[in-house]
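See structure below.
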Amino acid sequence: MNFLELFATVRRRLRYLAGKAAAERDMHDEMRAHLEFEIADRIRNGMSPEEAGRTALVDFGGVERFKEEGRAARGTRLIEDLGQDIHYAARVLRQSPAFTVAGVLTVAIGIAAMTAVFSVVDALLFRPPPIAAPSKVFMVGEVWKDGERSWETSMGLYMYPYEHYLAHRSADSAVFSGLAGFRYTGVSMLAGNEARALSAMMVSANYFQVLGVHSALGRLFSDTTERVGAELPEVVISYGMWQREFGGDSTAIGKLMTVDGHSRVIVGIAPSGFNGTEIGLVTDLWAPVNDGTFAMVGRLRPQFTRDRAAIALSAIGAHIDPVSRKQPIARITLDPIVGPPAMARGAVIGFVGVLFITAALVLLIVVANIAGMFSARAAHRRREIAVRLALGAGRGRLVRQLLTESVGLCLIGGAGGVLLATWLTHLLPAINLPMSARTSLELHSNRVVLGVSFISTLLAGIAVGIAPALQSTRMDLLAGLRGTDSSQPRGIGRSRSTFVIAQLALSLVLLITAGLFTRAVQRAVLVDRGLDTRNVIVATMNVARHGYDDARAREFYAQLMPRLTARPEIAAASRGEFTPLSISHSGGNVPLPDGSHVQTLWALVDTGYLATMRIPMLAGRAFSGSDTPLSTPVAIINETLAKRLGFDRAAIGHQIKLDREFPREIVGIVRDGKYRSLDEAPTAFAFIPVSQSHSDLMTVHVRARTDMPSALAALRAEVAALDRNIALENVGSLSSQLDLYVLPQRAAAWCIGLFGILGLGLAALGIYGVVAYDVAQRTRELGIRLALGATSRDIVQVVVRSSVVAIGVALLIGLPLALATGRLASQFLFGVGMADPLTFAVVPALLGSVALIASYLPARRAARTDPMVSLRTD
């Protein structure tokens, strides 16, 4: 059924209900008349009024029946009136197509912004993963006596050794009906002669059972398949991977996959849409393991609430004593699986909060704009409203009719906004972020999102129409029937100016916020990172997952690096565990000569790392082939650490101890860089030669000689030539990966800036309309001024003066609001204060200029009007 057929069906239904309502109302009036006749007749026959009323009601069917019929009649009258209001509103809006289209499009933009942003908010914060009874499932964490929470973190999750998980699983069985463990990782899948990187989750065998997830095809893991001391050769693949790699063929069950060089049999397909408990992270496959580190997720037994379970678990945790535990457990924490991980929740909530406030401001600008349009329309309809009032229509009835028009227009615009938001939200998941874990945020308009959109639309419709409706029905009837200028309600002009001031103030808030984020992006781009990121490709490899021990891994890289540097597409290549602005480093305390300590970060790098990354040497030498496991342990430190040690550039030859490690000789000093964040203070850092230590996870850094795609193809070819099972993970340019850290700021600058420009455009149209209408109302007055000798400049000043006042008021209101918004967004602003002088100077000047131009245009037209024509205007 198309829209026209649906509209015709609704109209026929309303007509039927209106006819039925009229019939039931007539029936009730007839019943009332008959009852009154019966009571009067019985009084004439000698009954008292009380007895006559009681007996008549009994004979008639009782008081309740009469009251019920009365309520039904009143209800049907309401339905009849509502049908008339909707029919009349549709006719009025149809008679003004330009007004209707402009209003619908404007509302659609505001509702689309609100719906799209709330879809993101709902997906990130409120929507649970597709598992059974998610309200009973919690992430389990520990808080130790010293206040720390875990040995390490991954993807914002607290990780614990497998033995630690087993201890909890055994001890906590009275509280949990099941406790599972999992960790995210990357794996290599051999497809033909090409190794591809996949996102995987290594899980305990009871993982799916605890979450209450059932397979789409085949079977999932269970406790009975778990064997201690061996990795199980089974795998469950995601529904998306099944469709992508196997075309949805049921014969995929039982096939073998080569994962990290080992054969695994596909035993099941996960249900569609299931990616685990963490929202936004894509998982291609699940494999059961019984070693390494795990995050813990448990399902509470029915009799336990979250608070009661936390108390019971803390009491139990005090007695858990696995070999791997370092500190006594102070308490157990239970974090809900709805929303982002606990470690990232604050940042995510802050960012989406800024976006949600932005969308709300856009919707308020839209409401102010449409309310101004309805105010102008009400002024033109004053004779119609005066006639209806003179014919006996109640003010409340007219207000309801006018509100029906505004709500109807907003509902049509809201429907268009939801469709526009649906299209926008389908584009967002296609954006690939340069992260080691693939992300995908499933955005769709569910009942919650549609409910928020409907409520927002309904409130917008009421807010749009209430003030114009109340003002337009408060008038002098005689003046209104004559249609003279004085019949315009006094409040309409003021309300339109108020709406324009509101638009200007809200637009100022949006533009200043966008300016602050833009300035933050500019600062971030100009931050000295201490290296050259241009034309550098990074790719991570973990050869240990393919069975390489330390000796084989060293041999693999010893063959790979010369092969890479020999390629004509590659200017330089090196490896290391460290990538700037990543967590690929270690940290600890370095003793100072005075007995104190300095917190220091360090990372393993190869001999050519500093040259490949073009990190300037300030003193000493870089690592060389002479730095072997048998030679003197060495280190290269940055200038901040050298200053903290008290040696400055004279530190060459001195020794340092990185945490509890053996002493290392300082052989070089490099310039400071950025290691964890772009806005960090100068941080002590040290480089250690990978030849004197070891790490399973290595990142290869390749500087392209010409173009980056050719260099990447050469890198893939050389890795495949040595071992075709090893896939490159987290592949991309170093510049794009570093840009990930300013992605929220860049996205906010674009999004809020677009909304701010939209709001400024609407405000400019609003102020243009107000001034043009004011000029039309004052045509005779301006003609008299011109006839008495006023110049065109005088007329322009008279007309523009009110706009200057409106702009000033908007600035007085908008600047404090912008400061408050800047304070809210301050955690995302790199080196930019919430009251950045440049932003707070440029944006108000821009807004004031646009508003003055919008008011100057009708003022100039009024100044060029012939005085004789103005004086003849009635």
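Before moving on, here are some points about what is shown:
- Top-ranked residue in segment 581-635 [being touching a Pro at 6+ places or on another chain (Cβ under 8 Å) and in a loop (DSSP other than H, G, I, E, B); ranked as surrounded by the fewest Cβ atoms within 10 Å (Cβ to Cβ)]: 633
- Looking only at residues of segment 343-368 that are at pLDDT below 70, open to solvent by 40 Å² or more (accessible area, probe 1.4 Å) and not basic (Lys, Arg), we find that the one that is farthest from the chain's Cα centre (by Cα) is 343.
- Residue in segment 752-763 that is nearest to residue 354 (Cα to Cα), counting only those that are of a type outside the set (Phe, Trp, Tyr) and buried (at least 21 other Cβ atoms within 10 Å of the Cβ): 752
Listed here are the residues, each with its yes/no results for (1) among the acidic types (Asp, Glu); (2) over 30 Å from residue 850 (Cα atoms); (3) at pLDDT below 85; (4) more than 35 Å from the chain's Cα centre (by Cα).
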{"site": "695", "(1), (2), (3), (4)": "no, yes, yes, yes"}
{"site": "708", "(1), (2), (3), (4)": "no, yes, no, no"}
{"site": "714", "(1), (2), (3), (4)": "no, yes, no, yes"}
{"site": "718", "(1), (2), (3), (4)": "yes, yes, no, yes"}
{"site": "731", "(1), (2), (3), (4)": "no, yes, yes, no"}
{"site": "734", "(1), (2), (3), (4)": "no, yes, yes, no"}
{"site": "748", "(1), (2), (3), (4)": "no, no, yes, no"}
{"site": "753", "(1), (2), (3), (4)": "no, no, yes, no"}
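- Across segment 672-689, the qualifying residues are those that are modelled with pLDDT of 85 or more and out of contact with any Lys or Arg (no Cβ under 9 Å at 6 or more places or on another chain), and the one among them that is surrounded by the fewest Cβ atoms within 10 Å (Cβ to Cβ) is 672.
- Within segment 322-334, the residues that satisfy the criterion of being in a strand (DSSP E or B) and either open to solvent by 60 Å² or more (accessible area, probe 1.4 Å) or modelled with pLDDT of 85 or more (or both) are 331, 334.
- From the list 565, 612, the lone residue that is among the hydroxyl-bearing types (Ser, Thr, Tyr), touching a His at 6+ places or on another chain (Cβ under 6 Å), at pLDDT 85 or above and under 26 Å from residue 713 (Cβ atoms) is 612.
- Residue count for segment 269-321, restricted to those that are of a type in the set (Asp, Glu) and either open to solvent by 50 Å² or more (accessible area, probe 1.4 Å) or free of Cβ contacts under 8 Å to residues at least 40 places away in the same chain (or both): 3
- Within segment 641-680, being under 17 Å from residue 594 (Cα atoms) and acidic (Asp, Glu) holds for 648, 659.
- Residue ID - farthest from the chain's Cα centre (by Cα), chosen from residues in segment 530-579 that are open to solvent by less than 50 Å² (accessible area, probe 1.4 Å) and among the acidic types (Asp, Glu): 569
Results for (1) modelled with pLDDT of 75 or more; (2) under 33 Å from the mean Cα position of the chain (by Cα), shown as yes or no for each residue.
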{"residue": "781", "(1), (2)": "no, no"}
{"residue": "787", "(1), (2)": "no, no"}
{"residue": "812", "(1), (2)": "yes, yes"}
{"residue": "840", "(1), (2)": "yes, yes"}
{"residue": "853", "(1), (2)": "yes, no"}
{"residue": "859", "(1), (2)": "yes, no"}
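- The number of residues in segment 645-671 being under 30 Å from residue 828 (Cα atoms) and surrounded by 19 or more Cβ atoms within 10 Å (Cβ to Cβ) comes to 1.
- Qualifying positions in segment 489-514 - open to solvent by 10 Å² or more (accessible area, probe 1.4 Å) and modelled with pLDDT of 80 or more: 501, 502, 506, 511
- Qualifying residue in segment 93-111 (condition: of a type in the set (Lys, Arg) and surrounded by 17 or more Cβ atoms within 10 Å (Cβ to Cβ)): no
- The condition of being part of a strand (DSSP E or B) and either open to solvent by less than 50 Å² (accessible area, probe 1.4 Å) or at pLDDT 85 or above (or both) holds for only one of 118, 138, that being 138.
- Residues of segment 622-648 satisfying the condition of being of a type outside the set (A, V, I, L, M) and under 47 Å from the mean Cα position of the chain (by Cα): 623, 638, 639, 640, 643, 644, 646, 648
- Residue in segment 169-179 that is under 30 Å from the mean Cα position of the chain (by Cα) and modelled with pLDDT under 85 present: no
- Near pairs, Cβ below 9 angstrom, 6+ apart or cross-chain, from segment 234-252 (within 16 Å of residue 267 (Cβ to Cβ) and assigned to a loop (DSSP other than H, G, I, E, B)) to any residue that is open to solvent by less than 50 Å² (accessible area, probe 1.4 Å) and among the acidic types (Asp, Glu): 238/284
The values are calculated or read from the model by the stated rules, or taken from the named source; none is laboratory data. Being a predicted model, the structure only gives us computed values, none of them experimental. Neighbour counts are summed over all protein chains in view; Cβ atoms, including those assigned to glycine, are modelled from backbone coordinates with ideal geometry. With ligands, DNA and RNA removed, areas are computed over all heavy atoms of the protein, side chains included. Shrake-Rupley method; radii C 1.70, N 1.55, O 1.52, S 1.80 Å.
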